[in-house]
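Below: the structure, in structure tokens.
What follows draws every value from the coordinates through simple rules; no lab data is involved. In this text, all values refer to a predicted model and were calculated from it rather than measured experimentally. All Cβ positions, glycine included, derive from the backbone under ideal geometry; neighbour counts span all protein chains shown.
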Amino acid sequence: MNNTVNKKELVENKVNELEATKEKLGNDIERLKTDRGIEESIREKFGFAEEGEELIIIIDKPEENIEKSNENKGFFEFIKNWFK
């Protein structure tokens, strides 16, 4: 009896999850039926921009760039820096 009750709860939980997924997918489909939804999807997937939009590039601090460049110099440079 307890086993049946547990299985029933598991199945009910799975049904609830599937219904939530169905609702989310339905909302996504409705959104993609609009021009704005299509545009948002294309921008998200492919990174397209409209004419006149600008791009901002964020770079690391100069100190971090120096440390990274030191890492690429090799084993002996690493040992030398270890004793500093």
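With label points built 7 Å along Cα→Cβ from the Cα atoms of Lys22 and Ser41, find their separation and express it in nm.
Going from the Lys22 label point to the Ser41 one covers 2.1 nm.
If I stretch the segment between Ile59 and Val15 completely, what's the gain in nm (0.36 nm per residue apart, minus their alpha carbon distance), one decimal?
Gain on extension, Ile59 to Val15, equals 11.1 nm.
Each label point is 7 Å from the Cα along the Cα-to-Cβ direction; what then is the distance between the points at Lys80 and Glu50, in nm?
Label-label distance for Lys80 and Glu50, simple model: 5.4 nm.
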